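Taking it in order: structure first as structure tokens, then the write-up.
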Amino acid sequence: MKIHREGTTILLLLFLMLVALNVPIWLFMPPYALPIIFTSISGVAYLFVFNFFRCPKRNYKGERKNMVVSSVDGHVVAIEKVMENEYLKKEAIMLSVFMSPFNVHANWYPIDGTVEYVRHHKGRFLSAYLPKASIENERSTVGMITETGERIMARQIAGAMARRIVTYARKGARANIDGHLGFIKFGSRVDLFVPVDSEILVKMKQTVKGGVTPVAKLFPQSEIK
């Protein structure tokens, strides 16, 4: 299992810190029951963080044309029509996926196409479950256009626990479903905004996988006769 580059330094520092704490306990705190308990707790904590930064390699094998694929692992917490005023500047379907601390936290591009817009917004750290978190929390917005001319938007949202959003996408860069858009540390959510005439392929509370699960199908006007 590959470890994401965002986690290598954290895991190394955590390992050194736990070693520094455990060695004196084994040397100066007999009997062995207490050191064993402390080391076991340390091991569980390290494995939890290790698991959080895992980064499986994924290659989308389905139809790519006009398909929107989930950017993250998690479960669907919102599917609703909203007014999107930042990039699309029109009504859109917002599809939100919440990530728990146990999910993979790499963020994949949801489409094949080109990045047109990238912007980071400072904000609050409300629970990512709350609807207003999409516009009030710390967040990064990535606007993309497909090869058939349809525009969609992805919004990385920080939550009460997640306070570090990393965005790799840059304006003019190539978007690829198999590539990483960014990373959100320690849980949160990603909102995808697609045209209102899109076919939504998932349901509320459904579990999805980033770079694997199709979530919507687009119907470009240029292809409608």
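The values are calculated or read from the model by the stated rules, or taken from the named source; none is laboratory data. Note that the coordinates shown come from a computational prediction; the quantities given were computed from them, not determined experimentally. With ideal geometry, Cβ positions are generated from the backbone for all residues, glycine too; neighbour counts draw on all protein chains shown. In case anyone asks, the SASA skips ligands and DNA or RNA and just uses the protein heavy atoms, side chains included. Shrake-Rupley method; radii C 1.70, N 1.55, O 1.52, S 1.80 Å.
Observations
- Tally, over the stretch 70-100, of residues that are within 16 Å of GLN156 (Cβ to Cβ) and either part of a strand (DSSP E or B) or touching a helix residue (DSSP H, G or I) at 6+ places or on another chain (Cβ under 7 Å) (or both): 10
- Condition met for LYS57 (free of Cβ contacts under 8 Å to residues at least 12 places away in the same chain and open to solvent by 20 Å² or more (accessible area, probe 1.4 Å)): no
- Only listed residue being modelled with pLDDT under 85, open to solvent by 30 Å² or more (accessible area, probe 1.4 Å) and acidic (Asp, Glu), chosen from GLU6, GLU63, GLU86, GLU91: GLU6
- Once the stretch 178-208 is narrowed to residues that are in a loop (DSSP other than H, G, I, E, B) and closer than 19 Å to ARG64 by Cβ, the residue that is most open to solvent (accessible area, probe 1.4 Å) is LEU201.
- Filter result for ASN51 (under 23 Å from the mean Cα position of the chain (by Cα), closer than 20 Å to GLY143 by Cα and either without any contact (Cβ under 8 Å) to a residue 24 or more places away in the chain or surrounded by 13 or more Cβ atoms within 10 Å (Cβ to Cβ) (or both)): no
- Pairs meeting the criteria (first residue in the stretch 187-203 and under 13 Å from PRO220 (Cβ atoms) and at pLDDT 95 or above, second residue in a strand (DSSP E or B) and of a type in the set (Gly, Ala, Ser), beta carbons under 9 Å, at least 6 apart or on different chains) are VAL194/ALA92; VAL194/ALA216; PRO195/ALA92; PRO195/ALA216; SER198/ALA92; SER198/ALA216; GLU199/ALA216.
- Output for the stretch 72-83, where each listed residue is modelled with pLDDT under 95 and surrounded by 20 or more Cβ atoms within 10 Å (Cβ to Cβ): VAL72, ASP73, GLY74
- Qualifying residue in the stretch 48-55 (condition: modelled with pLDDT under 90 and closer than 17 Å to GLY179 by Cβ): yes
- Pick from the stretch 9-48, criterion under 28 Å from the mean Cα position of the chain (by Cα) and either assigned to a loop (DSSP other than H, G, I, E, B) or polar (S, T, N, Q) (or both), ranking: surrounded by the most Cβ atoms within 10 Å (Cβ to Cβ): SER42
- Applying a threshold of 7 Å to beta carbon distances and a minimum spacing of six or more residues, or different chains, the list of pairs starting in the stretch 1-26 at a residue that is among the small types (Gly, Ala, Ser) and ending at one that is at pLDDT below 85 reads GLY7/PHE53.
Quick grid of which residues meet (1) under 20 Å from GLY74 (Cα atoms); (2) under 15 Å from the mean Cα position of the chain (by Cα):
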site	(1), (2)
ILE145	no, no
ARG155	yes, yes
LYS171	no, no
ILE177	yes, yes
HIS180	yes, yes
LYS185	yes, yes
LEU201	yes, no
